[in-house]
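The structure under discussion appears below in the form of structure tokens.
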Amino acid sequence: MKTILFLCTGNYYRSRFAEYLFNDRCQQQNLCWRATSRGLALERGTDNIGPISPHALARLQQLGIFLPSDLRFPKAVDSSDFSAADAIIALDESEHRSLMRDRFPHWSEAIEYWSVPDLDRLSADIALATIETQIDRRVESLNRSV
């Protein structure tokens with residue numbers, strides 16, 4: 001089983017959505033990949049209430065992806081998470097590249113960056129649709145390589 005690590009700032013909204021969507025898509029396609037997610041700066045999530053963003057949860061439910069009631073709370077990334085991953089994606093280059101350089105300089109150039117800004121710069125509908133498109137492309141690519 002290979003692992004992909006999704007990163008965002010608080011591990012509450014974008015990366016959690018990507019994690020659950022990717023896992024659902026891979027399960028549907030019988031791919032031997034599993035996603036995890038972590039946050040680069042959990043201290044910035046002062047308005048995060050509960051284990052996952054209501055925006056992410058609502059969209060997952062619309063897609064028929066129902067999560068267990070005992071969801072974990074956001075987790076901060078550490079070096080072992082990078083070492084354990086076969087692929088790493090940070091959800092917003094403009095926000096996350098500098099965090100990576102400051103906190104994990106050794107890994108900052110070894111990961112893929114997408115362009116999905118947080119809620120202060122992009123609506124949830126557009127952000128989550130963008131993540132869906134990127135996940136579907138990644139799963140298609142993985143499917144072709146099997």
Expected single match for among the acidic types (Asp, Glu), in contact (Cβ under 8 Å) with a residue 12 or more places away in the chain and either surrounded by fewer than 17 Cβ atoms within 10 Å (Cβ to Cβ) or assigned to a helix (DSSP H, G or I) (or both) among Asp136, Asp125, Asp120 is Asp136
Which of the residues belonging to region 103-117 are in a strand (DSSP E or B), exposed (fewer than 15 other Cβ atoms within 10 Å of the Cβ) and in contact with a Ser or Thr (Cβ under 9 Å, 6 or more places away or on another chain)? Ser115
Would you say Ala56 is touching a Lys or Arg at 6+ places or on another chain (Cβ under 6 Å) and either part of a helix (DSSP H, G or I) or among the small types (Gly, Ala, Ser) (or both)? yes
Out of the residues in region 1-22 that are buried (at least 19 other Cβ atoms within 10 Å of the Cβ) and either free of Cβ contacts under 8 Å to residues at least 60 places away in the same chain or polar (S, T, N, Q) (or both), state the one that is farthest from Leu57 (Cα to Cα). Thr9
Residue selected from region 39-83 under the condition farther than 20 Å from Ala129 by Cα and among the charged types (D, E, K, R), by the criterion surrounded by the fewest Cβ atoms within 10 Å (Cβ to Cβ): Asp70
With the requirement that a residue be under 16 Å from Arg72 (Cα atoms) and free of Cβ contacts under 8 Å to residues at least 24 places away in the same chain, what does region 24-47 give you? none
Residues (more than 15 Å from Ala84 (Cα to Cα) and either part of a strand (DSSP E or B) or among the charged types (D, E, K, R) (or both)) located in region 1-44: Cys8, Arg14, Arg16, Glu19, Asp24, Arg25, Gly39, Glu43, Arg44
What do you reckon, is Arg72 assigned to a loop (DSSP other than H, G, I, E, B) and basic (Lys, Arg)? yes
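Bear in mind these aren't lab numbers, they're just calculated from the coordinates by the rules spelled out. Source: prediction; values computed, not measured. Counting neighbours? That spans all protein chains shown, and the Cβs are built from the backbone with ideal geometry, glycine included.
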